[in-house]
1. Just to be sure I understand the filter: pairs with C-beta atoms under 6 Å, separated by 6 or more residues or on different chains, first member in segment 637-649 and among the basic types (Lys, Arg), second member assigned to a loop (DSSP other than H, G, I, E, B) and surrounded by 20 or more Cβ atoms within 10 Å (Cβ to Cβ). Which pairs pass?
2. Out of all the residues in segment 449-462, is one or more more than 25 Å from Cys664 (Cβ to Cβ), at pLDDT below 95, surrounded by 17 or more Cβ atoms within 10 Å (Cβ to Cβ) and charged (D, E, K, R)?
3. When residues of segment 72-116 are filtered for being under 35 Å from the mean Cα position of the chain (by Cα) and either in a helix (DSSP H, G or I) or surrounded by 15 or more Cβ atoms within 10 Å (Cβ to Cβ) (or both), how many remain?
4. So which pairs qualify, if the first residue must be in segment 202-215 and at negative phi, the second must be basic (Lys, Arg) and part of a helix (DSSP H, G or I), the Cβ gap must be under 8 Å, and the two must be at least 6 apart or on different chains?
5. Taking into account only those residues within segment 478-519 that are part of a helix (DSSP H, G or I) and among the hydroxyl-bearing types (Ser, Thr, Tyr), which is farthest from Ser653 (Cα to Cα)?
6. Of the numbered conditions (1) crowded, with 22+ Cβ neighbours inside 10 Å; (2) at pLDDT below 95, Leu644 fails exactly one; give the number of that condition.
7. Might you let me know whether segment 488-501 holds any residue that is of a type in the set (Lys, Arg), within 22 Å of the chain's Cα centre (by Cα) and over 30 Å from Leu670 (Cβ atoms)?
Amino acid sequence: MEVFMPKPKVLVQRLAWYSVVLLALATASAGCAQAAGLTTQRAHFRQAYALALQGNVHWKSYAGDLQDYPLYPYLQAAWLQARIRLLGPGLIIAYLDRYGDLLPGKALRRSWLNALVRRKNWAGYLRFYQPGLGISYDCQALQARAGLGKSLHFDAPLQRIWSRTALPAACTPLLQLAHSEGLLSPVRLWARIERATATGQVATIRTLAIWLPKQQQVVALRFAQALTTPVVASKAALGWPNTRRSRVAASLALQRYARTDDAAAGQAYSSLRRHLHFNRHQRARIEVALALFQAIDFKPGALAALQTLPNWAQSPVTRAWQVRVALARQNWKVVHTTITHMSGSQRRQREWQYFDARALAALGDEKVANARFVELARQADYWGFLAADRIQAPYALCPSKLALPNTALQAVQHVAGLARSFAWYALGNLQSARREWQAVWPQLSRSQRQAAVLLAHRRGWVDRAIFALGQGVARNDYALRFPVSLREQILGDSRVAGVDPVWTLSIIRAESAWSRDARSAANARGLMQLLPGTARQIAQHGGLPWKGAASLLNPVVNIGLGTRYLGQLAMRFGSQWLASAAYNAGANPVTGWVDARGTLPTDIFIATIPYRETRNYVESTLAFSVIYGWRLHGQPVRMSRRMLTFGGLYRPSDHDSPRVSVRCQASDRLAQGLPKLGREVVKPRSR
């Protein structure tokens, strides 16, 4: 019987192949085991942490395999915090000696210091106090020294505290002590009252006023009245004495009054200036306020009021509003003249470069105007896309990909602070994850920051790259800057709501920058920043389930309701850009603006939106739509097609919509601060 024997060379190759397969299987097996172990650790941590937060000592029974888990230091800290009122210093000292520099250690130190304040254990407080914990603890440290019999002096530590405009409640006992010891003279009190007035800190003014001599208390409270009830203060000022502080308070009241009724404020000013002898700068501030609020309402005399301000009283704000009022009237000569008189830095801003080019074109200087549009079109932003549309040029999108070796990504995972940050993210605790990220970020090198951003993006934590971009990390990596997360859900919900998915993506990017648990000061929540009341109405109108405000932190709920809301606004206003304005500012203000200036070209109308936030929001979402259109389809719809004038029927862009080509010439890369390539990159124009 013949036995086949492979040739030696073939045998060696097969053995090598088998060894590679066995190594791969072993590596995969180890990876699976590691993943399973990590899953178990996470489950044990959740159980241990829940018990530790309750002060239950049985957290330790789940922590046997957590010694090497990044979040292990949080367990004992949570248990100690829960029992802080019952503890002596021994366990606190032991923990802080080991973990005092970590975030849970700093939080525990603060809690322990607060407990020592409640016990009035001043010696213990000074033993555990460290600078850098916050202004509350700095105040309490001075209070502790006084509690131990040391005299309080108005020296550097107290001066630094006193120089702050607003102070937390924890500083009140220190201020009361300083007052009782005669350290807060009327001169010092007035200096702080005037600082508080400049920043609108009414509570600070009222707190300090009671420590002034009685005859001065009434004067100080006029500052608070000017801030809170400027109409009442403006009328009352007719009975105030003609003193410096009366003039300051009255000037402030008139400026505030102008915000709500510039005509009535102007009449009050005419009466008061005969009684109170305002100085030149006070008169200018009042007259600027009166002129600006006429301009914001686009009243007939607004442009003249702004132009008649003395040159020394003009500012970037007054110049900008002269242009906006002139644009509303399409007075191109005034637009051009005013931009010419701006300071060099303001004149170079891309908004004014664009409108100066528009003015030059309207005044007949097409050659210079087109040259301006060409330069503006080299940038991938709102003004660049507008300029490109004016001259029918391609869009200058010049992507650069952040690429790092795997060794860099692996190395950054071992940075302790980032490991804790990613561990919290994996558990779904975004707030704690961000705290750890922000704590470690200043300590990272540029290459470590890039690796951290890229690693976060790959793990689905897409908002990290967006927030890091202001610090110079991969600005032209559009996949990082403009992520497409939850793609299928966004496409499906947008289709059901009848809106363009590109618009939905742009709203998410502008509203929350993809931070799923975002919550605004106005209580708007989630990716699309919906107010609970609005969300409830949308759900009821659409027959959708509603489980309360907390459900808005669920992206499925948030995007489903947010796209429905966009659809409602699109039906009402007929265009993406106008509905975006209503999404930001509310439907009623937008309706008023349309009634007043609805015949203006869209680019001019947007420039005349009175609210700066809404103006910037509309510009941003339009520009984002170009970039997201490019990311989804390869070539975007021209931005001007999303800026149709009033009265139309909203139609989402689809695959059949004509698109603009995208290019990246060497001159574009140079304008965007990118390194040169060996050759130009040009995509063909779509037909």
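The values are calculated or read from the model by the stated rules, or taken from the named source; none is laboratory data. This one's a predicted model, so the numbers in the text were calculated from it and none came from an experiment. Don't worry about glycine lacking a Cβ; one is built from the backbone with ideal geometry, like all the others, and counts go over all protein chains shown.
1. Final answer for the pair search is Arg638/Val660.
2. Yes.
3. Initial filter on segment 72-116 (under 35 Å from the mean Cα position of the chain (by Cα)): 72-82, 96, 99-115.
Retained after the next criterion (residues that are either in a helix (DSSP H, G or I) or surrounded by 15 or more Cβ atoms within 10 Å (Cβ to Cβ) (or both)): 72-82, 96, 99-100, 102-115.
Of the residues in that region, 28 qualify.
4. Matching pairs, first to second residue: Thr204/Arg192; Leu208/Arg192.
5. Here is the first cut: in segment 478-519, the residues part of a helix (DSSP H, G or I) are 478-481, 487-497, 501-511.
Imposing the further condition that a residue be among the hydroxyl-bearing types (Ser, Thr, Tyr) reduces the set to 478, 494, 504, 506.
Values: Tyr478: 21, Ser494: 12, Thr504: 12, Ser506: 14 Å.
Once the filter is applied, the top-ranked residue is Tyr478.
6. Against the list (1) crowded, with 22+ Cβ neighbours inside 10 Å; (2) at pLDDT below 95, Leu644 comes up short only on (1).
7. First, pick out the residues of segment 488-501 that are of a type in the set (Lys, Arg): 495.
Remaining after also requiring within 22 Å of the chain's Cα centre (by Cα): none.
Taking every residue of segment 488-501 in turn, none turns out to be of a type in the set (Lys, Arg), within 22 Å of the chain's Cα centre (by Cα) and over 30 Å from Leu670 (Cβ atoms).
Residue by residue, here is whether (1) touching a strand residue (DSSP E or B) at 6+ places or on another chain (Cβ under 9 Å); (2) free of Cβ contacts under 8 Å to residues at least 24 places away in the same chain; (3) over 20 Å from Tyr425 (Cβ atoms) holds:
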| residue | (1), (2), (3) |
| --- | --- |
| Gln54 | no, no, yes |
| Val57 | no, yes, yes |
| Asp68 | no, yes, no |
| Leu71 | no, no, no |
| Ile92 | no, no, yes |
| Pro131 | no, yes, yes |
| Cys139 | no, no, yes |
